[in-house]
1. Among the listed residues Lys143, Lys122, which satisfies the condition of being touching a Phe, Trp or Tyr at 6+ places or on another chain (Cβ under 9 Å), in contact (Cβ under 8 Å) with a residue 60 or more places away in the chain and surrounded by fewer than 17 Cβ atoms within 10 Å (Cβ to Cβ)?
2. Would you mind telling me which numbered condition in (1) touching a helix residue (DSSP H, G or I) at 6+ places or on another chain (Cβ under 8 Å); (2) farther than 26 Å from Lys147 by Cβ Lys80 fails?
3. Looking only at helices (runs of 4 or more DSSP H) that fall completely inside the range 144-252, which ones have 3 or more residues that are of a type in the set (Gly, Ala, Ser) and either farther than 22 Å from Arg52 by Cα or modelled with pLDDT under 90 (or both)?
4. Filter the range 210-238 down to residues that are over 15 Å from Gln261 (Cα atoms) and basic (Lys, Arg) and give me whichever is nearest to the chain's Cα centre (by Cα).
5. In the range 113-124, is there at least one residue being part of a helix (DSSP H, G or I), among the β-branched types (Val, Ile, Thr) and over 26 Å from Ser198 (Cβ atoms)?
6. Checking Ile17 against (1) among the aliphatic types (A, V, I, L, M); (2) in contact with a Ser or Thr (Cβ under 9 Å, 6 or more places away or on another chain); (3) assigned to a helix (DSSP H, G or I); (4) farther than 25 Å from Tyr161 by Cβ, only one condition comes out false. Which one?
7. For the structure I just gave you, tell me whether Asp284 is out of contact with any Ser or Thr (no Cβ under 8 Å at 6 or more places or on another chain), among the acidic types (Asp, Glu) and in contact (Cβ under 8 Å) with a residue 12 or more places away in the chain.
8. How many residues, within the range 247-278, are touching a residue at least 40 places away in the same chain (Cβ under 8 Å) and either surrounded by 15 or more Cβ atoms within 10 Å (Cβ to Cβ) or of a type in the set (Val, Ile, Thr) (or both)?
Amino acid sequence: MFRFIGDLYWKIKGVRIFALVGESGTGKSFRAKLVAQKYGIDFIIDDGLLIRGDAIVAGRSAKKEQHYMAAVKTALFHDKKHRDEVARLLAKSSFKKVLVLGTSEKMVRKITERLQIPHPHKIIRIEDIASQAEIEKAIRSRKVEGKHVIPVPAIEIRRSYPHIFYDSVRVFLQRNLGMSAVQAPKVYEKAVVRPEFSKRGRVAITESALAQMVIHCVDEFNPAIRIQKISVRSDSQGYRLTLGVEIPYGTQLSGNIHNLQQYIIDAIERFTGILIEEVNIVVDRFAPQ
């Protein structure tokens, strides 16, 4: 069993965590190596993979999954064996900086907690390093062609995930404008893949299934609380729930509603792997005792 490693361990080692955050398909993986080069970052954590330099050193890619929900779980290190493999390698490696990619700060925090590394000390947003035109181009490529990027050379993907390999692309980074002819620009090669779940379209949990989970969670937390209505919204950062509830007259609300919110979030994320971005609870009425 992999033992727990606390923040003090990483603080002593002088480890710092960076996060690159942006909605799905906006070009985070495409620019990950450039960010790593700029800040001198050793490891990149992207979609279930642990990458060092041009090599995949641990983990498995969410891009290989057949269905979207399975891909989300893999990206979040939902499986214990998967996250222990990556956490174990990090614990025994010598490094100072890690870059974690995610669609939201919450996703990044979830990943760092599961891998037993500190929360990010610096958040970099995709809008800070890419123009709106570049982001829109990346989104079109994702939506129309189903193309995804893994920030390692094509040979790594051909060896590990040949069935999803599509193409490769090279990015040239010129460190400064005064570079001489002898000083060639740095070249990063990235693999372009087309996952099975991308070909089949996004498959997410149905609203009715999610609503049933919420009802079950509320009943477990306090059978006296009755749900009157449930509203479910989703975006690239996760699901947002609004509950209208009826509670017994005289029920102490201080702290109780917050505890219920957290109970719902923890239970659903633990059993499904999906991210619940927020749970809003509105007391519609008080029921007589």
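The values are calculated or read from the model by the stated rules, or taken from the named source; none is laboratory data. Note that the coordinates shown come from a computational prediction; the quantities given were computed from them, not determined experimentally. Cβ coordinates were reconstructed from backbone atoms using ideal geometry, including for glycine residues, and neighbour counts include every protein chain displayed.
1. Matching residue, one of Lys143, Lys122: Lys122.
2. (1)
3. The qualifying helices (runs of 4 or more DSSP H) are 207-221.
4. Per the criteria, the residue is Arg233.
5. No, the range 113-124 has no match at all.
6. (3)
7. On the way: out of contact with any Ser or Thr (no Cβ under 8 Å at 6 or more places or on another chain): yes; among the acidic types (Asp, Glu): yes; in contact (Cβ under 8 Å) with a residue 12 or more places away in the chain: yes.
Yes: the conditions hold for Asp284.
8. Qualifying residue count, the range 247-278: 12.
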